[in-house]
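One structure is given below, encoded as structure tokens.
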Amino acid sequence: MRFAVIQALVTLTTLKWVILAAIAGVIVGIPTAVFLLLLDGGIAVVYELPHFYLLIPVGLVGSYFLVSRLAPDAKGHGTEQVIDAIHRRDGNIVLRVIPVKMLATLVTLILGGSAGKEGPSAQIGAGVASGFAGLVGMTKLDKQRFVLCGISAGFSGVFGTPIAGAIFASEVLAIGRFHYNRLLPALIASFVSVFITRNLGVRHLSFDVDYGASGEMSMLLGMVIFGLAIGLLAVVFITVLRQSERLFGRMRLPGSVKALLGGAVLIAVVLATQTTNYIGLGMEIIDLALDGEPYRGIAPFFKMLTTAVTLSAGGSGGILTPIFFIGATAGNLWAQLLELDIAVYSAIGMVSFVAATANTPIAAAFMAIELFGLATGTWAAIAAAVAYLIVGHLSVFPSQIIFHKKTFFMDLEMHDVPLRFSKAGIKRMFSAFFHGYRQERDEPAPPRGISVAESEKVRIDELVKPRAPGRSYYPLSTVPHVPDETAYGQQGGTVVRPGERDIKESIEKLREYVDAASRVCVLTGAGISAECGLPTFRDARTGYWARFDPTQLATPEAFRENPARTWCWYAARRLALQTVEPGEGHRALARLENYVDRVTVVTQNVDGLHSRAGSSRVLDLHGNLLQVRCMKGCRTFHRDEAGPEARDIFTADAAAAFAANHAEEAGDFEHVEVPTCPACGAFLRPDVVWFGEMLPADRLNQAFADTERCDLFLVIGTSAQVQPAASLPVVALEQGVPVVEINPNATPLTEQVTLSIRAAAGEILSSVV
Ligand code: OAD
């Protein structure tokens, strides 16, 4: 039964995504084709004009004005902004970016700027898909996947390589992480987009590079050495790009003057080299190189210069076409120097340079197979893999997230290898090189998920049955409710105290835990919101309970005794909440949903900031500060509700807050009128849980259920003193689940959890996701 239900769901979801992806292919393929045809048409006309290169400054200034005035998001080379949108903005792209990006790129490229055409297509793809997903009301996760389909369709529509385009879109997001379940939709969208663009008249890349012989061992060695050289060349290119950006960024000149200056540099390159080959898209030179014609050895370096200047001086466009150019001409030069097959090395140089600069070795290998055939593609895979490693953690896309280090040497200090060329320093480097690293030697590997065999043992009714009620029904209090005190002492974990290396190391460990997890449960407290400016409760100087007595404010008895005092205090907190935005920690937890299957945020906070940051599964155990309810339970009002009744209740907040901030004794509240329920006349009270009251049973049950089924538990910014919330991490420890605490101060949990990171939530979380 379980098998049949799951199989039916899997089949339906697969079919759903085949259909959605095909739609993405169509709606992205059409604007991509229009963009490419306009580009080809424009280039065909302008490049026939004598001295057309004199128009470059006009192109750069035009692009600068279009972007800066109409859509600053359209700046740069496109793919970078798309990666950022997926990581940080749930795939949301501002729709205005699409036409602006198209226009700015057309102006840049047609008038001679040196850039590519794939970045804008990816941005168009992401934008169209994001708009469509919003229109049909897709959920956040579906939207992300659909936007990825849009990006794949954009890339593939340009290059005509559906498999490479689909893999590139996934691979380019993060170093060392690939989402297999996004592959099918991306592939379908890519195939459809290639079909549509081709039928609308777009000419895709096509080369005839035939590598006849295969299998000899000398070629294997040749590929390793060639990959190494291409990797180093990628380091040079990325450095040139960064330096040029920095140089133009530092100039104290108006953007339009920088654009003119950039244009002048490009004209100077044309005049100095007596050729227009290094400006524009440069497709003819790529063709030439791949046809096996020997080309000027200096070509890659001039192209690096013109591209870096174009993109930093205000031009708009992609970066992959210049990367093709540089890689192909570099391979061409290599073959000339070593008397090798020019066409084959130009081809392999082109794709390996993509692998290194964009950190996409698998897409590069597939691109080689799709463009040049299996024989050349097979060798290219080796050069691409080597080049990818050699470039280290550099990238033409700085928004890429490093999920797995390429080698542990990327972080020498973290592994106790000092960068000192003294005798001792060199000895340590050698020892690390030959004997591995501190982490690998000393630390046990973190748990890495469950096996297929184990997963089959889980019965479906175990997944859906509610937890047995009982244990979770206790009121809010500071008295521990966990009967089995030994649970606290079960696991003695690592406590990482501040110190830069330790923090780095713990971020690394936390990332590994996240990587191995599929269901994460998070318990948060006032500390995560402290970073937005809201006070905590128990801070000795600034905490609420340092200034107020909880028994006089946050209990039903206190409200009965002096309703106005409690009402005013909550009104003041409600008002303060209006001035804050979700912080780094809240936003990072929302982003965590992009990396694991399920994130449950169980919070003791009543500020609603997790939901505002975008977390989709929030269990607010202690209620909602922005809501008030009738003491008899007949009505609830939310501050954002329209309507005269809610308006009357909440506009009185300012006066109540004033009373709270100025009162000196209980009697000072006498003039404040606590609003009453329009239906029954009973007092309204904040919709929060007070000490001695029961927590909402459904949410608490769900919190325990999710804790029992999670494979990673995070405790963030709570003093872990208030029950029953503080029992959740203990339950997770009982289940053998790793529990990671993030808190600058020690708590009763600190010595028990698997890893305790003594630092601020925002800093740690935003370094992990
Ligand atoms: P507490 O005030 O008890 O604890 C806040 C915790 O956040 C402390 O342990 C701080 O060290 C930590 N912290 C401070 N800044 C931080 C940062 N930047 N990053 C991470 N941690 C940080 O607040 P809670 O544990 O949330 O209930 O308190 C639980 C409940 O007790 C509250 O919901 C409230 C209170 O009484 C009611 O009012 C009913």
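The values are calculated or read from the model by the stated rules, or taken from the named source; none is laboratory data. Remember, predicted model here, so these are calculated numbers, not experimental data. Every residue, glycine as well, gets a Cβ built from its backbone with ideal geometry; the counts of neighbours run over all protein chains shown. In case anyone asks, the SASA skips ligands and DNA or RNA and just uses the protein heavy atoms, side chains included. Shrake-Rupley method; radii C 1.70, N 1.55, O 1.52, S 1.80 Å.
Quick notes on this structure:
- Residue-wise HN-Hα coupling along the range 587-596, computed from phi with Karplus coefficients 6.51, -1.76, 1.60 (Hz; x: Gly, Pro): 5, 5, 5, 5, 5, 3, 4, 6, 10, 10
- Of the residues G113, V18, A517, the one whose Cα sits farthest toward the positive end of the charge dipole of the chain, with +1 on the Cβ of Lys and Arg and -1 on the Cβ of Asp and Glu, is G113.
- Take the range 502-632 with all the other protein chains still there, run a 1.4 Å probe, and you get 36 Å² of accessible area per residue.
- Remark: the Q552-E508 segment gains 11.4 nm on full extension, using 0.36 nm per residue and subtracting the alpha carbon distance.
- Coil-residue chymotrypsin sites (Phe, Trp or Tyr not before Pro) of the range 531-613, DSSP, other Cβ within 10 Å capped at 15: F548
- The range 728-746 versus the range 141-162: alpha-carbon centroid distance in Å: 39
- Rule-of-thumb Rg ratio for the range 153-226 [Cα; 2.2 N^0.38 Å; N residues]: 1.42
- Three principal axis extents describe the C-alpha atoms of the range 218-274; from largest down they are 54, 29, 11 Å.
- Net length gained if the chain between E693 and L38 were fully extended (0.36 nm per residue, minus Cα distance): 229.1 nm
- FRET efficiency estimate (nearest 0.05) - Cβ-Cβ, Q735 to V236, R0 51 angstrom: 0.50
- Note: the range 337-414, Cα convex hull, 108 Å³ per residue.
- Summarising the amide proton neighbourhood of T600: residues at separation of 5 or more, or on other chains, whose placed amide H is nearer than 5 Å comprise V520, C521, V522.
- The alpha carbons of the range 44-186 occupy a box of 52, 31, 26 Å along the principal axes, longest dimension given first.
- Taking a ≥ b ≥ c as the square roots of the Cα gyration tensor eigenvalues, the range 267-399 comes out oblate, since a/c reaches at least 1.5 and a/b does not exceed b/c.
- The charge dipole of the range 178-280, taken about the Cα centre with unit charges on the Cβ atoms of Lys, Arg (+1) and Asp, Glu (-1), comes to about 680 debye, rounded to the nearest 20.
- The chain - percent of accessible surface contributed by carbon and sulfur, probe 1.4 Å: 60
- Overall form of the range 730-769 per C-alpha gyration tensor (a/c, 1.5; a/b vs b/c): oblate
- Where Rh is the Kirkwood radius over Cα pairs, Rg/Rh for the chain: 1.03
- Cα-centred dipole magnitude for the chain, charges only on beta-carbon of K, R (+1) and D, E (-1), debye, nearest 20: 660
- Farthest toward positive dipole pole in the chain [+1 Lys/Arg, -1 Asp/Glu at C-beta], among L626, I225, I267: I267
- Scoring 654-662, 133-141 by mean Cβ neighbours within 10 Å over their residues and listing the highest first yields 654-662, 133-141.
- Cross-link pairs beyond the 23 Å C-alpha cut-off, checked among K140/K405; K405/K504; K117/K143; K16/K140; K406/K509; K258/K303: K140/K405; K117/K143
- With contacts taken as Cα pairs under 8 Å and at least 6 residues apart, the range 154-272 reaches a relative contact order of 20 percent.
- Alpha-carbon centroids, the range 24-41 and the range 339-406: separation in whole Å: 27
- 3J(HN,Hα) along the range 16-28: 4, 6, 5, 5, 4, 5, 5, 4, 4, x, 6, 6, 8 Hz, from the Karplus curve 6.51 cos²θ - 1.76 cosθ + 1.60 with θ = phi - 60°, whole Hz, x for Gly and Pro.
- In order along the range 509-526, the Karplus-derived 3J(HN,Hα) couplings, from 6.51 cos²θ - 1.76 cosθ + 1.60 at θ = phi - 60°, round to 5, 4, 4, 5, 4, 5, 4, 7, 8, 10, 10, 10, 10, 10, 10, 10, x, 4 Hz, and Gly and Pro are given as x.
- Residue separation of K16 and H179 scaled by 0.36 nm, minus their Cα-Cα distance, works out to 56.9 nm of gained length.
- With only Cα atoms counted, the range 620-683 has Rg and Dmax values of 13.0, 35 Å.
- H404 versus R541: modelled label distance in nm, points set 7 Å from Cα along the beta carbon direction: 4.6
- Its Cα gyration tensor gives the range 548-647 an equivalent ellipsoid, and the semi-axes of that ellipsoid, as √(5λ) in whole Å with the largest first, are 29, 16, 13.
- When the helices of the chain are scored as -39500 (n - 2.57) per DSSP H run of n ≥ 4 and the total is divided over every residue, the value at 222 nm lands at -17500 deg cm²/dmol.
- Alpha carbon centroid spacing (whole Å) that separates the range 668-701 from the range 210-273: 65
- With a Förster radius of 25 Å applied to the beta-carbon distance between I426 and H393, the computed FRET efficiency rounds to 0.60.
- For the range 16-103: accessible area per residue (Å², 1.4 Å): 44
- Cβ crowding within 10 Å averaged over residues, with 622-631, 240-249 ranked highest first: 622-631, 240-249
- The protection proxy used here, the mean number of other Cβ atoms lying within 10 Å of each residue, ranks peptides 197-209, 324-336 as follows, highest first: 324-336, 197-209.
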